[in-house]
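Engineer: The structure under discussion is supplied below as structure tokens; questions concerning it will follow.
The values are calculated or read from the model by the stated rules, or taken from the named source; none is laboratory data. Quick caveat, the model's predicted, so the values are computed rather than measured. For neighbour counting, all protein chains shown are included, and Cβ atoms are generated from backbone atoms with ideal geometry for every residue, glycine included. When the accessible area is computed, the model is the full protein with side chains, heavy atoms only, and any ligands, DNA or RNA have been set aside. Shrake-Rupley method; radii C 1.70, N 1.55, O 1.52, S 1.80 Å.
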Amino acid sequence: MAAPGYPSPAAGYPSPPYPSAPYPTSPSAPPPPPTPGFHDYPGPGCSIPPQHHMHPAPHPQQDPPPGGAPYMPVSSGSAPSALEYLSQIDQILIHQKTELLEAVTGFETCNQYELRNIMGQRIFTAQERSTVCARWCCGSLRPLNLQVCDYTGREVIHFIRPLKCTSCCFPCCLQELEVQSPPGHTVGYVVQSWHPFVPKYCLLTESREPVLKVVGPCLMSSCCGDVNFQIKPLCESRSVGRISKQWSGLPKEIFTDADNFGIQFPKDLDVKMKAVLIGACFLLDYAFFERSRSKKERHTVIS
């Protein structure tokens, strides 16, 4: 008998092939096991829509080529939280502030820097910490600390530069810089490699394993042009980045030692190595482009 309110099937038409209510019930089967990486649907009575959450696949680790390590470390996702922003960029501009007291009197003061992205937005500030005696007696070779802080004033990178020589005539006591992030936790080193004519610096990990090299020109003259230092793998077969000392204009170059630098590196480079590259830029500034009292800039590794 048809349900109330619904007409009966007309004569001559067969009954529908599908079952009528009440529908037959099949024996209950156990629910399938949950798929790995997904959450189950909510049970009856829940108003929350089903959501799928897939766990991110781990970053594939490439095996090093036979006979050596890979030319550069790729970011593995385990970087210090203070360096997270560096994973998003492939260029940094470093601008040294002009010190009025130093420009007028010639007395060396602590350097201050601003680190900006390619859009010109300030991302970090750097402040030198050194003694008056070290600046007066040692000049550009002075031992110092550099504190790099973010926009909140939190120190994110700390550089330590001991008292070392820069001339190739003293191969046992060449330039070195330690990089810490956060302060107190070493992430790498910048060490000058001996060469009679060309400035070379090796970038090391926290365990002092060499990763990259910074190679400069034989003659470093910033007269009306940029001075480029190439970032290369250990075999020096190609360039993967660059540190440039940029021309700042004739008046600024003559009357001050405030310099502008640009750093280019692969975007997927490990952020620890990016911090070490920033330290290498600061070390190059002090070693070759810092003037103190009557001393001029250095143009070779011999002087």
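Engineer: Could you please find all residues in region 275-286 being modelled with pLDDT of 95 or more and touching a Ser or Thr at 6+ places or on another chain (Cβ under 8 Å)?
Structural biologist: Hit for region 275-286 is ALA275, nothing else.
Engineer: Now for a different question. Which members of region 192-209 meet the condition of being modelled with pLDDT under 95 and of a type in the set (A, V, I, L, M, F, W, C)?
Structural biologist: TRP194, PHE197, VAL198, listed by residue number.
Engineer: Another question about this same structure. Based on this model, can you work out whether VAL191 counts as open to solvent by less than 30 Å² (accessible area, probe 1.4 Å) and of a type in the set (Val, Ile, Thr)? Steps first, answer last, please.
Structural biologist: Values: open to solvent by less than 30 Å² (accessible area, probe 1.4 Å): no; of a type in the set (Val, Ile, Thr): yes.
No: the conditions fail for VAL191.
Engineer: Mind listing whichever residues of region 124-141 are modelled with pLDDT of 90 or more, more than 10 Å from CYS110 (Cβ to Cβ) and buried (at least 16 other Cβ atoms within 10 Å of the Cβ)?
Structural biologist: Residues satisfying the conditions are PHE124, THR125, ALA126.
Engineer: Can you tell me which residue within region 99-121, out of those that are under 22 Å from LEU283 (Cβ atoms) and either open to solvent by 40 Å² or more (accessible area, probe 1.4 Å) or hydrophobic (A, V, I, L, M, F, W, C) (or both), is modelled with the lowest pLDDT?
Structural biologist: GLU99
Engineer: Might you check whether a residue that is touching a residue at least 24 places away in the same chain (Cβ under 8 Å), open to solvent by less than 30 Å² (accessible area, probe 1.4 Å) and assigned to a strand (DSSP E or B) occurs anywhere in region 164-178?
Structural biologist: Among the residues of region 164-178, at least one is touching a residue at least 24 places away in the same chain (Cβ under 8 Å), open to solvent by less than 30 Å² (accessible area, probe 1.4 Å) and assigned to a strand (DSSP E or B), which makes the answer yes.
Engineer: Can you run down the residue pairs with Cβ atoms below 7 Å, 6 or more apart or on separate chains, where the first is in region 98-123 and at positive phi and the partner is open to solvent by 60 Å² or more (accessible area, probe 1.4 Å) and part of a loop (DSSP other than H, G, I, E, B)?
Structural biologist: Once the first residue is at positive phi and sits in region 98-123, its partners that are open to solvent by 60 Å² or more (accessible area, probe 1.4 Å) and part of a loop (DSSP other than H, G, I, E, B) give GLY106/ARG293.
Engineer: Would you confirm whether any residue within region 247-265 is more than 20 Å from ASN117 (Cβ to Cβ), surrounded by 13 or more Cβ atoms within 10 Å (Cβ to Cβ), in contact with an Asp or Glu (Cβ under 8 Å, 6 or more places away or on another chain) and modelled with pLDDT of 95 or more?
Structural biologist: No, region 247-265 contains no residue that is more than 20 Å from ASN117 (Cβ to Cβ), surrounded by 13 or more Cβ atoms within 10 Å (Cβ to Cβ), in contact with an Asp or Glu (Cβ under 8 Å, 6 or more places away or on another chain) and modelled with pLDDT of 95 or more.
Engineer: If you check GLU297, GLU236, which single one turns out to be within 26 Å of CYS173 (Cβ to Cβ), at pLDDT below 80, in contact with a Lys or Arg (Cβ under 8 Å, 6 or more places away or on another chain) and open to solvent by 10 Å² or more (accessible area, probe 1.4 Å)?
Structural biologist: Values: GLU236 fails: at pLDDT below 80.
Testing whether each residue is within 26 Å of CYS173 (Cβ to Cβ), at pLDDT below 80, in contact with a Lys or Arg (Cβ under 8 Å, 6 or more places away or on another chain) and open to solvent by 10 Å² or more (accessible area, probe 1.4 Å) leaves just GLU297.
Engineer: Mind counting the residues in region 145-160 that are surrounded by 13 or more Cβ atoms within 10 Å (Cβ to Cβ) and either in contact (Cβ under 8 Å) with a residue 40 or more places away in the chain or acidic (Asp, Glu) (or both)? Even if it seems obvious, please write down each step before you answer.
Structural biologist: Step one: list which residues in region 145-160 are surrounded by 13 or more Cβ atoms within 10 Å (Cβ to Cβ), which gives 145-150, 155-160.
Retained after the next criterion (residues that are either in contact (Cβ under 8 Å) with a residue 40 or more places away in the chain or acidic (Asp, Glu) (or both)): 146, 148, 150, 155-157, 159.
Looking only at that region, the number is 7.
Engineer: Which condition number in (1) farther than 22 Å from ASN260 by Cα; (2) surrounded by fewer than 20 Cβ atoms within 10 Å (Cβ to Cβ) is the one that SER181 fails?
Structural biologist: (2)
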